[in-house]
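Quick notes on the structure that follows.
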Amino acid sequence: MGKRIIQQARGKGSHTYRVRKKAFRFKIGYPRKLEGEGSIVKLFNSAAHSAPLAKIVYSGGNFLIPAFRGMIEKERIKFGGNEIKEGNILELKNIPVKTPIYCVESRPGDGGRFIKTAGSSAVLSRIVGEDIFVMMPSKKEKKFSGRCRAIIGIIAGAGRLEKAIVKAGKKFYIKKSKGKLWPRTSPVKMNVIDHPFGGGRGKRIKSKIAKRNAPPGAKVGTLRPRRTGKRK
C-alpha cells in the first residue's frame, strides 16, 4: 500500500505540518485614512514575523506595523502628507526618488504585502507618469500604483542571520514556529513511493514535468517550461 508524498501530506494539514494558530494572531495593516498622526505604544516580538512589531495608537483606533530601525516607544509618526521621516506612512506618489521604504502595498488599501522581512528595504527608483517603479531587495524593479502606501525607513532586526544557529534543535523550533518543512530530504534519497525521483540504484533522476494546472500534491519534479527549443 502506497502513502502520500510530502506535498500531499502537507496539503492535508496534519499536526506535523500545520502551524500554530497562536503564532499568526498578529496582523499587519494600515489605518483606513492617511490623515493625522499616531503614537508608538509598544514594541514586541511575534513568532510568525522575523522583525519586531510595533503597536500604533491613533484617534481612530490602533494597528500593527513592522518596526523600523531605531524606533523607540512613545515616538510619534504621521500618516499622509509629504514629510519624509522614518516611520511616516505615505503614498508612493508623495515619496521622493532614492528614499528607502518598506511594507509596500500591492494594491491601494491592502495593508502592505511586500518587504516585511527583518533588515530589508526597497528604494523608490523612478516615476513614470502615474506609475511608480520600486527597486526591490532582489535588485529587480516592480511597478506600483502611486496610491499604494509604504513606510519610510529600513525594517529593524538586521543581522539575525549573522549568528550561527549551532544546534539542529534550535533550527527545528525556528521552522516549526512558522510551519515550514525541515529538515528537507533530497528527493533522490527517498523511496520510490515517496517521490518521482526516488529509488533507482544509480540515483538516476527520472525526468518528470508536471502539468501546469496540476494540484499541489501532484506538482512535483521539474517545473513546466513556458517554451522549448532554441530561440530564433
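Annotations for the structure displayed:
- Highest to lowest packing among 121-129, 212-220, scored as the average C-beta count within 10 Å: 121-129, 212-220
- When log10 I(q)/I(0) by the Debye sum over Cα atoms at q = 0.09 Å⁻¹ is computed from the coordinates, the matching label among [x] -0.36; [y] -0.55; [z] -0.31 is [y].
- Among M135, M71, M190, the residue with the largest mean-square fluctuation in a Gaussian network model of the chain, with springs joining Cα atoms closer than 10 Å, is M190.
- Contact order normalised by residue count of the chain, Cα under 8 Å, 6+ apart, percent: 18
- 12 Å beta-carbon shell around G119, net charge (K/R +1, D/E -1): +2
- Kirkwood's formula applied to the C-alpha pairs of region 162-229 gives a hydrodynamic radius of 14.8 angstrom.
- Packing-based exposure ordering (other Cβ within 10 Å, fewest first) of E83, E162: E162, E83
- Percent of Cα pairs in region 21-152 per distance bin of 10 Å, from zero to the largest separation: 13, 46, 33, 7, 0.
- Residue separation of V97 and A164 scaled by 0.36 nm, minus their Cα-Cα distance, works out to 20.5 nm of gained length.
- Placing unit charges on the Cβ atoms only, positive for Lys and Arg and negative for Asp and Glu, gives the chain a dipole magnitude near 2080 debye about its Cα centre.
- Annotation: peptides 37-46, 89-98, ranked by per-residue average of other Cβ atoms within 10 Å with the highest first, follow the order 89-98, 37-46.
- Compared with the dominant principal axis of the Cα atoms in the chain, helix 168-177 is inclined by about 60°.
- Fluctuation leader among I84, I65, I101 - the chain, Gaussian network, Cα springs under 10 angstrom: I84
- Here the contact order of region 1-88, divided by its residue count and restricted to Cα pairs under 8 Å and six or more residues apart, works out to 26 percent.
- Whole-Å distance, taken between Cα centres, linking region 84-139 and region 1-74: 19
Bear in mind these aren't lab numbers, they're just calculated from the coordinates by the rules spelled out. Bear in mind the structure is a predicted one, so any value in this text is a computation, not a measurement. Cβ atoms come from the backbone with ideal geometry, glycine included; neighbour counts cover every protein chain shown.
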